[in-house]
Amino acid sequence: MDYINMSCGQTYLSPRALKYMGRQTQQAIYYPYYYETEEQTVKMMKKLYNTKNDLLIVTGTGTFAIEMGLRSTFEPGEKILVINTGIFGEVAKCIAEIIGLDCIEYKVDYGEPIDLEKVEELIKNSKPNCLYVVHDETTTGAEQPVDELGLLCRKYDLLFVVDAVSSFGGLDVRTDEWGIDLCFGSAQKCINGPQGIATISISPKIWDKIKKRKTEIDTLSLDLETWRRYHDVKVKKYHEWWKKGGDPPKFDYRAPHEVSLPATLVWGLQGALEDIFEEGLENRIQRHKVAGKAVRAAVDSLGLERVTKDEKTISDVVTVVRLPKGIKERDFREVMLKKYRVVLANGEIGDDNVRIGTMGISAAPKYILPTIAALENALVHFGVKVKKGEALNRAHEIFSTFEFKPEVHNE
Ligand SMILES: Cc1ncc(COP(=O)(O)O)c(C=O)c1O
């Protein structure tokens with residue numbers, strides 16, 4: 001029996017991602033078939049990022065991309081201001097410290113909005129080189145004002161680094177308009193692509209900074225330059241030589257063989273992106289707005305306390321709720337899983353909360369309505385009094401305001 005996957009990743013795989021990943025591998029990456037896949041995938045991904053900057057697809061999950069970006073750009077001792085809005089802000093701080101950066105932390109209480117005046121004060125007082133923020137903090141269900149933070153970065157000439165791992169494919173991300181220099185994405189969240197492949201957009205300012213490094217980077221596979229060589233030289237130049245013939249291209253590598261991408265996962269990402277653009281990005285973002293609103297209305301009427309309440313800060317792709325006193329998140333998820341076959345994401349900020357992901361495919365009534373029914377019944381199982389049927393009615397009302405296209409997310 002199938003499960004209803006309301007997790008925050010690995011989310012459902014899109015129908016085309018599944019289909020494309022089922023293909024037999026017949027040609028190595030330096031043959032035209034793969035080159036075309038890569039070109040088309042990068043093009044679609046840039047559209048999702050709203051960027052003209054370089055975009056690299058890299059092996060590894062979102063964390064790899066984040067470490068790659070920070071490790072390649074900054075040298076030990078450099079000052080970075082990290083806005084810590086939850087566990088993924090915390091992770092960024094840990095990575096920065098592992099690399100040896102001088103990390104200044106602005107810790108925001110879970111679910112609370114960022115105080116922009118405080119950020120400006122910290123910039124003025126501590127004079128960092130860079131500001132780092134998580135756009136959609138998946139552990140608290142909070143979306144941050146990246147546009148306004150981008151303006152601050154321009155005012156104080158800071159590099160702007162954004163973790164948008166759980167944003168792409170569900171939330172609007174405007175990399176160039178918001179002035180983002182490094183932006184990280186990952187396939188397995190709202191994009192509905194496979195886990196194990198991530199993306200990074202890199203502004204000319206970042207490449208310039210990397211070129212001027214005083215110390216040589218002490219990693220091969222986590223170096224953005226290695227990945228640039230892989231895409232621009234190994235894949236592209238080799239492809240051109242294959243078409244034209246003549247002398248094979250000469251490569252200026254740090255090692256005789258460097259890195260490569262898993263072609264099956266690139267196909268998966270390509271398929272997922274094709275599904276996104278077939279639906280239409282605008283429609284998809286709107287669909288997530290309606291889905292998020294429906295979930296919030298339902299959990300409110302079930303009497304569950306949301307971690308993020310501020311209207312300007314709530315995320316439409318993940319809703320995090322505190323469970324009634326005495327119910328542990330593990331026990332609650334077990335009932336949801338075993339009795340109702342609904343998969344929720346674990347609570348990351350303690351043992352009293354669970355997360356409901358509405359990411360890509362799952363941002364639709366077909367998945368949300370049975371989840372609400374299961375939440376209601378699971379609460380009753382734990383002895384909580386609820387107004388039966390009210391949460392479903394609230395969600396139904398909200399869903400009736402939007403036309404869901406069944407053909408796109410009905411596989
Ligand atoms: C906002 C955010 N950043 C970073 C990560 C880490 O990504 P990964 O688990 O793909 O390494 C996640 C994953 O949940 C995330 O939601």
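The values are calculated or read from the model by the stated rules, or taken from the named source; none is laboratory data. A quick note: this is a predicted structure, and the numbers were derived from the prediction, not measured. With ideal geometry, Cβ positions are generated from the backbone for all residues, glycine too; neighbour counts draw on all protein chains shown. SASA here: full protein model, heavy atoms, side chains in, ligands and nucleic acids out. Shrake-Rupley method; radii C 1.70, N 1.55, O 1.52, S 1.80 Å.
Check segment 71-87 and report whether any residue there is hydrophobic (A, V, I, L, M, F, W, C) and surrounded by fewer than 19 Cβ atoms within 10 Å (Cβ to Cβ). Steps first, answer last, please.
Restricting attention to segment 71-87, the residues satisfying the condition of being hydrophobic (A, V, I, L, M, F, W, C) are 74, 80-83, 87.
Now drop any that are not surrounded by fewer than 19 Cβ atoms within 10 Å (Cβ to Cβ), which leaves 87.
Yes - at least one qualifying residue is present in segment 71-87.
For the subset of segment 315-332 comprising residues that are out of contact with any helix residue (DSSP H, G or I) (no Cβ under 9 Å at 6 or more places or on another chain) and outside any strand (DSSP E or B), which member is most open to solvent (accessible area, probe 1.4 Å)?
Going residue by residue through segment 315-332, those that are out of contact with any helix residue (DSSP H, G or I) (no Cβ under 9 Å at 6 or more places or on another chain) are 320, 322, 325-326, 328-331.
Filter once more, keeping what is outside any strand (DSSP E or B): 325-326, 328-331.
Working: Lys325: 202, Gly326: 76, Lys328: 99, Glu329: 21, Arg330: 127, Asp331: 61 Å².
Among those that are out of contact with any helix residue (DSSP H, G or I) (no Cβ under 9 Å at 6 or more places or on another chain) and outside any strand (DSSP E or B), it is Lys325.
Being polar (S, T, N, Q) and within 16 Å of the ligand (Cβ to nearest atom) is the filter here; which residues of segment 45-87 pass it?
Within segment 45-87, the first condition is being polar (S, T, N, Q), and the residues that meet it are 50-51, 53, 59, 61, 63, 72-73, 84-85.
Those that are polar (S, T, N, Q) and within 16 Å of the ligand (Cβ to nearest atom): Thr59, Thr61, Thr63, Asn84, Thr85.
Within segment 156-187, take every residue that is closer than 20 Å to Ser72 by Cα and either free of Cβ contacts under 8 Å to residues at least 24 places away in the same chain or of a type in the set (Phe, Trp, Tyr) (or both) and give me the one that is farthest from the ligand (Cβ to nearest atom).
Initially, segment 156-187 is screened for residues closer than 20 Å to Ser72 by Cα, giving 157-165, 175, 179-186.
With the extra rule that they be either free of Cβ contacts under 8 Å to residues at least 24 places away in the same chain or of a type in the set (Phe, Trp, Tyr) (or both), the set shrinks to 157, 160, 184.
Values: Asp157: 26, Phe160: 16, Phe184: 7 Å.
Filtering first and then ranking leaves Asp157.
Out of the residues in segment 348-363 meeting the condition of being surrounded by fewer than 24 Cβ atoms within 10 Å (Cβ to Cβ) and within 18 Å of the chain's Cα centre (by Cα), tell me which one is farthest from Ile314 (Cα to Cα).
Ile361
Looking at segment 224-238, is at least one residue closer than 30 Å to Val317 by Cα, within 12 Å of the ligand (Cβ to nearest atom) and at pLDDT 95 or above?
No, that holds for no residue.
In segment 189-223, which residues are within 15 Å of the ligand (Cβ to nearest atom), open to solvent by less than 10 Å² (accessible area, probe 1.4 Å) and out of contact with any strand residue (DSSP E or B) (no Cβ under 6 Å at 6 or more places or on another chain)?
Listed by number, the residues that qualify are Cys190, Ile191, Asn192, Gly193, Pro194, Ile197.
For the list (1) buried (at least 18 other Cβ atoms within 10 Å of the Cβ); (2) in contact (Cβ under 8 Å) with a residue 40 or more places away in the chain, I need the number of the one condition that Leu337 fails.
Only one criterion in (1) buried (at least 18 other Cβ atoms within 10 Å of the Cβ); (2) in contact (Cβ under 8 Å) with a residue 40 or more places away in the chain is unmet by Leu337, namely (1).
Keeping to segment 88-137, report how many residues are closer than 21 Å to Asp172 by Cα, open to solvent by 10 Å² or more (accessible area, probe 1.4 Å) and within 14 Å of the ligand (Cβ to nearest atom). Please lay out each step first, then the result.
First pass over segment 88-137, keeping only residues closer than 21 Å to Asp172 by Cα: 88-89, 111-114, 116, 131-137.
Checking the rest, the ones that are also open to solvent by 10 Å² or more (accessible area, probe 1.4 Å) come to 88, 112-114, 116.
With within 14 Å of the ligand (Cβ to nearest atom) added as a condition, the list becomes 88.
The qualifying residues number 1.
Looking only at segment 142-167, count every residue that is closer than 28 Å to Met6 by Cα, in contact with an Asp or Glu (Cβ under 6 Å, 6 or more places away or on another chain) and open to solvent by 10 Å² or more (accessible area, probe 1.4 Å) and tell me the total. Reasoning before the result, please.
Restricting attention to segment 142-167, the residues satisfying the condition of being closer than 28 Å to Met6 by Cα are 142-146, 162-167.
Right, trim to in contact with an Asp or Glu (Cβ under 6 Å, 6 or more places away or on another chain) and you get 143, 166-167.
Imposing the further condition that a residue be open to solvent by 10 Å² or more (accessible area, probe 1.4 Å) reduces the set to 143.
Of the residues in segment 142-167, 1 are closer than 28 Å to Met6 by Cα, in contact with an Asp or Glu (Cβ under 6 Å, 6 or more places away or on another chain) and open to solvent by 10 Å² or more (accessible area, probe 1.4 Å).
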